[in-house]
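> The following block contains the structure, expressed as structure tokens.
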Amino acid sequence: MGEAQFFLGEFDAANRALEPLVRLPSAAGRTAAGLVGHHLFRDLGRDDSEVEKLLKRAGRQRDEYPVDLAELYVARGKFARAARILRAESRRGNSSAPILLGNLYSDRLQQNKRAERYYLRGVELGDAFSAYNLAAILSQQGRHSESQTWLKYAADHGDEKAQARMNEIGA
């Protein structure tokens, strides 16, 4: 019930429905914690200790919960914690994790070799956005032929930015 209410935008009703479940020592309790934590973080932009506790409690009930926790840590500047979570999720095959880890290494830590490795992992897991980001860092490094290959791959697999860029360059 609470999940449907979140989906419908009835956030207060969803929180009231899920609140009693959050404390249950069960998978249902962890899922409820994840739903509430996800909503507070994604929809309301909260990154306080309450949200952190909820997302930690949720664990891996759903792929998005550890990713949310990692992004919360990025927002707080706790990059090592975020990277640790995202590396583990990437190893588990969570397709949302590699691009975020690549972005963390590229944008925040200026470690493009590591970023490249995780963007490639994202592509392995079927993420076209990772291919686009890979193309961008390869282009910045002057590796234009490789960059074009990944840009085309991203465009062919549905990345709208890549498609627009391919149209701009007439490819």
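> Within the bounds of the range 82-89, is there any residue that is farther than 13 Å from Val67 by Cβ, aliphatic (A, V, I, L, M) and modelled with pLDDT of 95 or more?
The answer is no, given that none of the residues of the range 82-89 is farther than 13 Å from Val67 by Cβ, aliphatic (A, V, I, L, M) and modelled with pLDDT of 95 or more.
> What residue, of Ala32, Ala80, Ala115, is of a type in the set (Gly, Ala, Ser) and surrounded by fewer than 19 Cβ atoms within 10 Å (Cβ to Cβ)?
On the way: Ala32 fails: surrounded by fewer than 19 Cβ atoms within 10 Å (Cβ to Cβ); Ala115 fails: surrounded by fewer than 19 Cβ atoms within 10 Å (Cβ to Cβ).
It is Ala80.
> Within the range 136-158, can you find the residues that are among the aromatic types (Phe, Trp, Tyr) and within 20 Å of the chain's Cα centre (by Cα)?
Within the range 136-158, no residue meets the criteria.
> Quickly run through the range 35-77 and pick out the residues that are of a type in the set (A, V, I, L, M) and either surrounded by 23 or more Cβ atoms within 10 Å (Cβ to Cβ) or at pLDDT 90 or above (or both).
Leu35, Val36, Val51, Leu54, Leu55, Ala58, Val67, Leu69, Ala70, Leu72, Val74, Ala75
> Mind listing whichever residues of the range 76-102 are hydrophobic (A, V, I, L, M, F, W, C) and under 15 Å from Val123 (Cα atoms)?
Selection gives Ala97, Ile99, Leu100, Leu101.
> Next question. Could you check the range 33-84 and list, in sequence order, the residues that are β-branched (Val, Ile, Thr) and out of contact with any Phe, Trp or Tyr (no Cβ under 7 Å at 6 or more places or on another chain)? I'd like the intermediate steps shown before the answer.
Taking the range 33-84 and keeping what is β-branched (Val, Ile, Thr), we get 36, 51, 67, 74.
Those that are β-branched (Val, Ile, Thr) and out of contact with any Phe, Trp or Tyr (no Cβ under 7 Å at 6 or more places or on another chain): Val36, Val67, Val74.
> So for the range 121-128 (the condition being of a type outside the set (Phe, Trp, Tyr), within 26 Å of Ala162 (Cα to Cα) and over 15 Å from the mean Cα position of the chain (by Cα)), does at least one residue qualify?
Step one: of the range 121-128, the residues of a type outside the set (Phe, Trp, Tyr) are 121-128.
Remaining after also requiring within 26 Å of Ala162 (Cα to Cα): 121-128.
After this cut, where a residue has to be over 15 Å from the mean Cα position of the chain (by Cα) as well, the list is 124.
Yes: one or more hits.
> Give the range 91-125 a look and list any residue that's more than 19 Å from Arg62 (Cβ to Cβ) and of a type in the set (Val, Ile, Thr), or say none.
Val123 - this is the single residue of the range 91-125 that is more than 19 Å from Arg62 (Cβ to Cβ) and of a type in the set (Val, Ile, Thr).
> Filtering the range 11-29 down to residues that are surrounded by 13 or more Cβ atoms within 10 Å (Cβ to Cβ) and closer than 16 Å to Arg62 by Cβ, which residue is modelled with the lowest pLDDT?
The residue in question is Ala14.
> For the structure I just gave you, tell me whether Ile137 is of a type in the set (Val, Ile, Thr), closer than 22 Å to Asp68 by Cβ and buried (at least 17 other Cβ atoms within 10 Å of the Cβ).
No.
The values are calculated or read from the model by the stated rules, or taken from the named source; none is laboratory data. Every value quoted in this text rests on a predicted model; they were computed, and no experiment measured them. Glycine gets a Cβ as well: all are built from the backbone with ideal geometry, and neighbour counts include every protein chain shown.
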